[in-house]
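Only one structure is covered here, and it is reproduced in the block below.
The values are calculated or read from the model by the stated rules, or taken from the named source; none is laboratory data. Just so you know, these numbers come straight off a predicted model, no measurement behind them. Neighbour counts run over all protein chains shown; Cβ positions are idealised from the backbone, glycine included. Areas reflect the complete protein model, heavy atoms only, side chains present, ligands, DNA and RNA absent. Shrake-Rupley method; radii C 1.70, N 1.55, O 1.52, S 1.80 Å.
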Amino acid sequence: MEEFNRKHLKNIQAMVQKETGAAVAAEKGFGGGGVRKAVLLTCSLFCLVILGAFAYGEFSGLDGDDAGFAAVYQGNGRFEIIVANHSDRELKLQDQVKVMQWSTASEVEGNPGEIKMEVSPIAPHSRGIVSIDLSAGYDVKAMEESLSQGDTYYFVLTNHYFAFGQDWMCFFDFEVEQTEEVEARLQEQMKERETREAERQEAERQEAAEQRCGAGSLAFQDWVWPAVSQEVSAPYGTRDNGTFSDHINIAGETGEEVYGVADGVVVKAGLEGTLGNVIVVDLGDGVTVKYGHLKEIRVSEGEEITQGQVIATLGRSGTATGPNLSFAVTVNGEAVDPLAAE
């Protein structure tokens, strides 16, 4: 029996080490009771790891800024909660709610178990309605009359489970409004949020572009470096084998981002012989740039691109012997060295 326990302990140890990367050592020379304790301890650790992974996978995509809520009072203790799901995940709200008062930060006296709710999953980037009826569990008239100037009530809603989910506050009063009016306000809030998010992303893009300006010295000093890697693996001009190259090669890892060096218009995006997947961008004033050996093209012909925009990913298409970016520059149809003269 002890041999059986030891065998299964080793199996559990292997499972934990595979999931966590941490080795669980068993003390040598202990008796059967020690084996059983070690098995139980290891099983507990393994269950905690699995539970933690489940909780993270289920709920990590939702935080306090991923949803918006607005309450519409319909009279007689009935509310419609308009929910805007900004996230990329389906929002599943729990079918229980807390009724709180702002000034006391405590639950309103009543019977939460008598609250009637109608909850449905809300798809990503969409809006839905949650219905709440307090009339059976709360003295709604007393709540309305006892609400002092400047005070308010709020619901606490949770996605799926209180143990792991995110709580949200939704303020409410007893002023009857039309759903359309409140939804319009929420829509305006969503637009403001999207604008702020777009501005934040643009600021991050500009910051990253400014950082890439110093990544390498290009022929045009106001350009940003076209790749994540700064390693020029093959230069422009005559190479050791006697051939002439009209481009440089930048070594990198497959799938790394490739950036627009400056604002321009895509004049070609597709396959081209030895260079494989290519993008050609007209930057104006007779200047064009060509990106080759790309893995994935993320722009199309005729599209206007901005400096620092991700236009492709680095690869080894065409006759490339390894993952790299072929980068060429022409001025008035003549090839020039993409790198600044030293």
Sole exception among (1) touching a Lys or Arg at 6+ places or on another chain (Cβ under 9 Å); (2) outside any strand (DSSP E or B); (3) surrounded by 15 or more Cβ atoms within 10 Å (Cβ to Cβ) for VAL329, by number: (2)
Hits in the stretch 74-97 (condition: closer than 27 Å to GLU144 by Cβ, open to solvent by 80 Å² or more (accessible area, probe 1.4 Å), in contact (Cβ under 8 Å) with a residue 40 or more places away in the chain and charged (D, E, K, R)): ARG78
Single match in LYS295, LYS268, LYS290 (criterion: basic (Lys, Arg), over 20 Å from VAL228 (Cα atoms), open to solvent by 30 Å² or more (accessible area, probe 1.4 Å) and in contact (Cβ under 8 Å) with a residue 24 or more places away in the chain): LYS268
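Among the residues of the stretch 157-172, is there at least one that is hydroxyl-bearing (Ser, Thr, Tyr) and without any contact (Cβ under 8 Å) to a residue 40 or more places away in the chain? Steps first, please.
So the first thing to find is which residues in the stretch 157-172 are hydroxyl-bearing (Ser, Thr, Tyr), and the list is 158, 161.
Now drop any that are not without any contact (Cβ under 8 Å) to a residue 40 or more places away in the chain, which leaves none.
Taking every residue of the stretch 157-172 in turn, none turns out to be hydroxyl-bearing (Ser, Thr, Tyr) and without any contact (Cβ under 8 Å) to a residue 40 or more places away in the chain.
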Filter pass, VAL108 being of a type outside the set (Asp, Glu), touching a strand residue (DSSP E or B) at 6+ places or on another chain (Cβ under 6 Å) and open to solvent by less than 60 Å² (accessible area, probe 1.4 Å): yes
Qualifying positions in the stretch 221-252 - surrounded by 16 or more Cβ atoms within 10 Å (Cβ to Cβ), assigned to a loop (DSSP other than H, G, I, E, B) and among the small types (Gly, Ala, Ser): SER229, GLY252
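Could you please let me know if THR274 is farther than 11 Å from SER326 by Cβ and either surrounded by fewer than 16 Cβ atoms within 10 Å (Cβ to Cβ) or touching a residue at least 24 places away in the same chain (Cβ under 8 Å) (or both)?
no
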Any hit, the stretch 133-155, residues being modelled with pLDDT under 90, assigned to a helix (DSSP H, G or I) and in contact with an Asp or Glu (Cβ under 7 Å, 6 or more places away or on another chain): no
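Report yes if PHE162 is at pLDDT below 70, on the phi < 0 side of the Ramachandran plot, out of contact with any helix residue (DSSP H, G or I) (no Cβ under 9 Å at 6 or more places or on another chain) and not hydroxyl-bearing (Ser, Thr, Tyr), otherwise no.
yes
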